[in-house]
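Visitor: The structure's right below; bear with me while I get my questions together.
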Amino acid sequence: MELYESEEQQVEALKKWWQENGRGIIFGLILGLGGVGGWGLWQDRIDTRAEAASIRYEQLLQAMERKDATAVNEHGTALLADYSDTGYVSLTRLLLAKNDYQEGRYEAAASHLQWVADNAPGSGLQKTARLRLARLKFDRGEAAAAQKLLEPPEDGAFLVAFEELRGDILLAQKDAMGARGAYTRALAHVAASGAARQRLEMKLDELGPAPAAHL
């Protein structure tokens, strides 16, 4: 199973998230740490650190785009060590998790994802980490642990991905009826055309016709 479907999509999604949320995170740090008397000093410090962290994070993204695993680990580890008080931590851990997974360091990848699931400053990042951690555990043969991470059922933007993975797990556990229900719920929330619909329809077709209802 592929933990990440498209590297370019993942990098672009992280960039977009930071563009939309980064300023607010930095401003919140200024408000929380600056106080009245030290406002100017704290603002200068935060601005300087934010700029330095931004440069390091851009280097991390570039390393990801080059698929340079060594550089990814170097920039990501440095960013976590030196800028743990910035809004880049969760984003960095998601990228390090991907890098670790691709390099076969599954425990390290799981650790990063668990941290984001527990500590990220937004529910979207937390759910992204939970979904990826569930995929990782399922991929490693830990179906029960993966299934637990998908509870409670999701709605909104994450419903399709959560239900499709739930279906895959149930099918692996020989629960064809449960898998059919999960795939059907996912299918009801995808576009009328596209890769997701085709994939879900194929999975349902492979299950065969639904059993007839008994009166």
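Visitor: Please verify whether GLU163 is in contact with a helix residue (DSSP H, G or I) (Cβ under 6 Å, 6 or more places away or on another chain), acidic (Asp, Glu) and not assigned by TED's automatic domain parsing to the domain that holds THR86, treating the condition exactly as stated.
Guide: Spelling it out, GLU163 is indeed in contact with a helix residue (DSSP H, G or I) (Cβ under 6 Å, 6 or more places away or on another chain), acidic (Asp, Glu) and not assigned by TED's automatic domain parsing to the domain that holds THR86.
Visitor: Right, here's the next one. Report whether or not PHE158 is within 27 Å of GLY87 (Cα to Cα) and touching an Asp or Glu at 6+ places or on another chain (Cβ under 8 Å).
Guide: The answer is no for PHE158.
Visitor: Please work out if GLN19 is surrounded by fewer than 16 Cβ atoms within 10 Å (Cβ to Cβ) and modelled with pLDDT under 95.
Guide: For GLN19, the condition - surrounded by fewer than 16 Cβ atoms within 10 Å (Cβ to Cβ) and modelled with pLDDT under 95 - is met.
Visitor: Quick test of your reading of the structure: SER84 fulfils all but one of (1) more than 20 Å from GLU58 (Cα to Cα); (2) surrounded by fewer than 19 Cβ atoms within 10 Å (Cβ to Cβ). Name the failing condition by number.
Guide: (1)
Visitor: Still on this structure, I have one more. Criterion first (of a type in the set (A, V, I, L, M), within 26 Å of LEU91 (Cβ to Cβ) and out of contact with any Leu (no Cβ under 8 Å at 6 or more places or on another chain)) does LEU133 satisfy it?
Guide: no
Visitor: Please specify each residue of region 99-117 satisfying the condition of being over 11 Å from the mean Cα position of the chain (by Cα), surrounded by fewer than 21 Cβ atoms within 10 Å (Cβ to Cβ) and either under 22 Å from GLY156 (Cα atoms) or of a type in the set (S, T, N, Q) (or both).
Guide: Matches in region 99-117: GLN102, SER111.
Visitor: Give the residues of region 195-210 that are loosely packed, with under 11 Cβ neighbours inside 10 Å and within 22 Å of the chain's Cα centre (by Cα), sorted by residue number.
Guide: Across region 195-210, the qualifying residue is only ALA195.
Visitor: Could you check how many residues of region 127-170 are under 13 Å from the mean Cα position of the chain (by Cα) and among the β-branched types (Val, Ile, Thr)?
Guide: So the count comes out to 1.
Let's see how each residue does on (1) surrounded by 21 or more Cβ atoms within 10 Å (Cβ to Cβ); (2) outside the structural domain of ARG49 (by TED's automatic domain parsing); (3) in contact (Cβ under 8 Å) with a residue 12 or more places away in the chain; (4) closer than 28 Å to ASP175 by Cβ:
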{"site": "LEU60", "(1), (2), (3), (4)": "yes, no, yes, no"}
{"site": "ALA78", "(1), (2), (3), (4)": "no, no, yes, no"}
{"site": "LEU91", "(1), (2), (3), (4)": "yes, no, yes, no"}
{"site": "ALA97", "(1), (2), (3), (4)": "yes, no, yes, no"}
{"site": "ASN119", "(1), (2), (3), (4)": "no, no, yes, no"}
{"site": "ARG132", "(1), (2), (3), (4)": "yes, no, yes, yes"}
{"site": "ASP155", "(1), (2), (3), (4)": "no, yes, no, yes"}
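Visitor: Mind counting the residues in region 141-185 that are over 21 Å from GLN126 (Cα atoms) and among the charged types (D, E, K, R)?
Guide: 5
Visitor: Residues in region 168-183: is at least one surrounded by 15 or more Cβ atoms within 10 Å (Cβ to Cβ) and closer than 24 Å to ALA97 by Cα?
Guide: yes
The values are calculated or read from the model by the stated rules, or taken from the named source; none is laboratory data. Bear in mind that the values here come from a model prediction, so they are computed numbers and not experimental data. For neighbour counting, all protein chains shown are included, and Cβ atoms are generated from backbone atoms with ideal geometry for every residue, glycine included.
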